[in-house]
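The values are calculated or read from the model by the stated rules, or taken from the named source; none is laboratory data. None of the values given here were measured: they were computed from a predicted structure. Quick reminder, even Gly has a Cβ in these numbers, built from the backbone with ideal geometry, and neighbours come from all protein chains shown. We work out accessible area using only protein heavy atoms, side chains counted, and drop any ligands, DNA or RNA first. Shrake-Rupley method; radii C 1.70, N 1.55, O 1.52, S 1.80 Å.
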Amino acid sequence: IEVMKNLIENDEDIERYTYYLARTYYYLYDNENALKYFFKRLEMKGYIDDLVDSILKIAEIYKENEWKNAFYYYWKSFTTDNSRIEGLYEISKYYNKSEQYLEQYTFDNLMFKVKDRKIISSINKKLYTTKRYVNLIKSTYKLGYFDECYQACQTYILKGNNIKDNKTVYDIYDKINAVKIGNECFPIKYDDDELEDVTIAILVKDYLNQ
């Protein structure tokens with residue numbers, strides 16, 4: 001810690017060492033100092049993945065006791081880099097746990113539309129190849145959007161996943177195939193280039209203003 005502080009004081013790669021110092025405090029469970037240096041890192045430019053990871057770590061610290069702050073920073077991580085879906089995934093998990101399936105679906109659908117990206121070490125690869133599709137399968141099934149649920153199942157398989165490896169997904173897929181209901185789906189409409197939808201914007205604004 002002292003070595004990194006000295007390097008920062010001597011103006012040596014301040015962005016990276018501020019980030020590393022914040023992470024060190026984070027893994028030592030010193031949340032006060034972790035937040036202090038993560039917030040300092042947010043004031044700087046530099047490597048985008050360090051910046052996004054700092055935002056996500058702030059959200060993780062807030063998650064246990066200050067969910068609204070966590071929500072804000074999870075969402076900020078996506079708006080900072082809309083190829084990173086970790087924040088959306090955590091928001092989706094929150095809504096699933098509280099059985100708010102329409103809100104969950106809104107974020108699941110957005111994750112589903114994000115293009116695959118080059119996986120780097122700081123990103124959980126399974127979020128892109130497996131988990132985001134599992135979440136969408138669950139929320140669309142709960143809401144009765146069976147056509148879209150079937151599409152998500154097909155994409156899950158096309159991504160190289162064995163549907164039998166996930167019991168919940170397998171059970172849903174089996175039911176969808178058995179019933180073959182062609183319910184009209186109501187997918188979120190959004191601009192492919194922007195990856196941001198007015199429905200999402202209103203939902204986020206309303207939640208943070210509560």
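At-a-glance table
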read-out: Centre separation in Å (Cα based) which lies between segment 120-167 and segment 22-54; value: 31 Å
read-out: Pairs beyond 27 Å (Cα-Cα), from Lys40/Lys97; Lys93/Lys164; Lys57/Lys93; value: Lys40/Lys97
read-out: Exposure of Glu99 as accessible area (Å², to 10), given a probe of 1.4 Å and all protein chains; value: 130 Å²
read-out: Ellipsoid equivalent to segment 24-63 - semi-axes via the Cα gyration tensor, in Å; value: 17, 10, 8
read-out: When the convex hull of its Cα atoms is projected in every direction, mean area for segment 80-158 (nm²); value: 5.0 nm²
read-out: Prolate/oblate/rounded call for segment 59-116, Cα gyration tensor, a/c under 1.5 rounded; value: oblate
read-out: Dipole magnitude (debye, nearest 20) for segment 22-179, charges at Cβ of Lys, Arg, Asp, Glu; value: 340 debye
read-out: Rg over Rh, two decimals, segment 18-108 (C-alpha only, Kirkwood Rh); value: 1.00
read-out: Cα radius of gyration and Dmax for segment 48-184 (Å); value: 15.4, 47
read-out: Pairwise label distance in nanometres, Glu99 with Asn33, each label 7 Å out on the Cα-Cβ vector; value: 4.4 nm
read-out: Cα lying deepest toward the dipole's positive end in segment 26-71, options Tyr27, Ile58, Gly46, charges on Cβ; value: Gly46
